[in-house]
1. Being more than 16 Å from ligand 2 (Cβ to nearest atom), in contact (Cβ under 8 Å) with a residue 40 or more places away in the chain and under 18 Å from the mean Cα position of the chain (by Cα), is that true of even one residue in the range 186-199?
2. I need the full set of residues from the range 243-271 which are part of a loop (DSSP other than H, G, I, E, B), touching a helix residue (DSSP H, G or I) at 6+ places or on another chain (Cβ under 8 Å) and more than 14 Å from ligand 1 (Cβ to nearest atom), in order please.
3. Can you report the number of residues in the range 285-310 which are in contact (Cβ under 8 Å) with a residue 24 or more places away in the chain and either farther than 21 Å from residue 389 by Cα or in a loop (DSSP other than H, G, I, E, B) (or both)?
4. Filter the range 11-51 down to the residues that are out of contact with any strand residue (DSSP E or B) (no Cβ under 6 Å at 6 or more places or on another chain), at pLDDT 95 or above and closer than 30 Å to residue 355 by Cα and list them by number.
5. Could you check residue 313 against (1) farther than 14 Å from residue 395 by Cα; (2) under 13 Å from the mean Cα position of the chain (by Cα); (3) assigned to a helix (DSSP H, G or I) and say which number it fails?
6. Taking interchain pairs and intrachain pairs at least six residues apart, which have beta carbon atoms under 7 angstrom, with the first residue in the range 227-241 and in contact (Cβ under 8 Å) with a residue 60 or more places away in the chain and within 22 Å of residue 161 (Cα to Cα) and the second in a loop (DSSP other than H, G, I, E, B) and within 8 Å of ligand 1 (Cβ to nearest atom)?
7. Which one of 168, 144 is in contact with a strand residue (DSSP E or B) (Cβ under 6 Å, 6 or more places away or on another chain), crowded, with 17+ Cβ neighbours inside 10 Å and over 19 Å from residue 241 (Cβ atoms)?
8. Within the range 103-119, restricting attention to residues that are part of a loop (DSSP other than H, G, I, E, B) and under 18 Å from the mean Cα position of the chain (by Cα), which residue is nearest to residue 253 (Cα to Cα)?
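The values are calculated or read from the model by the stated rules, or taken from the named source; none is laboratory data. For clarity, every value in this text was computed on a predicted model and none was experimentally measured. Heads up, the Cβs are rebuilt from the backbone with ideal geometry, glycines too, and the neighbour counts pull from every protein chain shown.
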Ligand code: SR1
Ligand code: MG
């Protein structure tokens with residue numbers, strides 16, 4: 001089989017053969033078995049195991065269209081960006097990024113460390129498992145990968161080279177459409193839960209002041225080349241286990257606003273929180289899980305601010321960034337963007353095409369409607385009053401306010 005001249009999408013047998021003939025990873029006498037394990041929206045993920053030694057790796061191949069819908073024509077060489085950014089993020093946060101072994105520009109695939117002893121964080125949270133170290137680990141990942149690639153820290157010419165290398169038009173277009181545009185009108189591609197439709201019409205689609213703010217935020221996303229961001233940092237992009245985590249799937253990476261990453265983490269923790277509120281029956285289990293989620297939301301925001309502040313002082317190289325007041329201005333802007341993006345992510349995962357199991361798995365329609373309403377009202381506050389969200393407690397106060405309002409407590 002010729003893997004060297006022409007791209008084609010591989011099946012399991014071909015992926016095993018590819019690993020055997022093209023990669024120098026397993027022993028010569030290896031007996032390879034392969035399973036396609038991908039359940040994401042875009043790519044094919046093959047787990048290849050040597051039955052003799054137990055060694056394994058992951059081979060990730062990009063297809064010519066997205067798995068979620070063939071309406072998205074996404075250039076298969078997008079995983080050059082993904083393997084490049086994984087290598088760069090590994091440099092800045094080695095504990096929290098998988099090792100990449102190779103990248104193949106013909107077959108549009110790359111091999112990386114197998115993380116089968118980890119669980120996708122969204123699935124673990126749907127089982128209401130808790131990870132007390134998460135907030136500390138994810139904030140270290142974000143601060144180290146983001147601040148290091150800004151003009152505050154990085155040499156400006158080096159940064160501009162990275163801006164060029166990480167121009168990512170196809171994947172950015174997906175976010176521009178699915179996050180910033182379609183959820184804010186009655187787009188045919190949306191996946192509205194019918195019992196929530198009238199509420200969405202009233203509170204989202206008919207709110208011109210909200211739509212104007214979303215328009216401003218879309219231009220912020222398209223034009224603010226602040227740092228090399230992950231670009232899709234939800235709980236489905238995090239592999240986790242008790243003592244550590246690995247951030248995966250940075251194929252949406254590009255030079256964009258730092259708040260896009262922090263805002264995505266906050267919103268997806270809020271989804272896990274509302275899932276706990278509306279699905280856990282046992283009162284003690286519920287109370288423990290809800291306390292854990294609240295503490296985690298609070299810590300993610302507060303630790304991010306503290307660590308960003310400290311690393312800024314240690315690492316800033318740009319002369320004018322050291323002027324009195326600049327750091328506070330810079331962090332405040334990031335926090336505003338983060339709140340707004342948290343709001344956008346909450347809206348788009350409820351209204352738009354790409355939904356989250358935290359919400360769709362709430363089987364009771366009345367409970368799901370309530371969960372969606374709480375998220376949408378909080379989302380509006382995060383977007384419209386984004387300058388107020390400067391600590392974890394302010395996020396929690398908003399959540400509690402709308403929870404009371406919707407539950408009539
Ligand atoms: C067409 S891709 C849909 C969504 O899946 C990815 O994980 C991103 O979140 C994207 O918006
Ligand atoms: Mg993904």
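1. no
2. 257, 258
3. 3
4. If the condition is that a residue be out of contact with any strand residue (DSSP E or B) (no Cβ under 6 Å at 6 or more places or on another chain), at pLDDT 95 or above and closer than 30 Å to residue 355 by Cα, then 11 is the only one that fits.
5. It is condition (2) that residue 313 fails.
6. Hits for this filter: 231/252.
7. Working: 144 fails: in contact with a strand residue (DSSP E or B) (Cβ under 6 Å, 6 or more places away or on another chain).
Exactly one residue qualifies, and that residue is 168.
8. Looking only at the range 103-119, we keep the residues that are part of a loop (DSSP other than H, G, I, E, B), and these are 105-108, 114-118.
Now drop any that are not under 18 Å from the mean Cα position of the chain (by Cα), which leaves 115, 118.
Details: 115: 21, 118: 23 Å.
Once the filter is applied, the top-ranked residue is 115.
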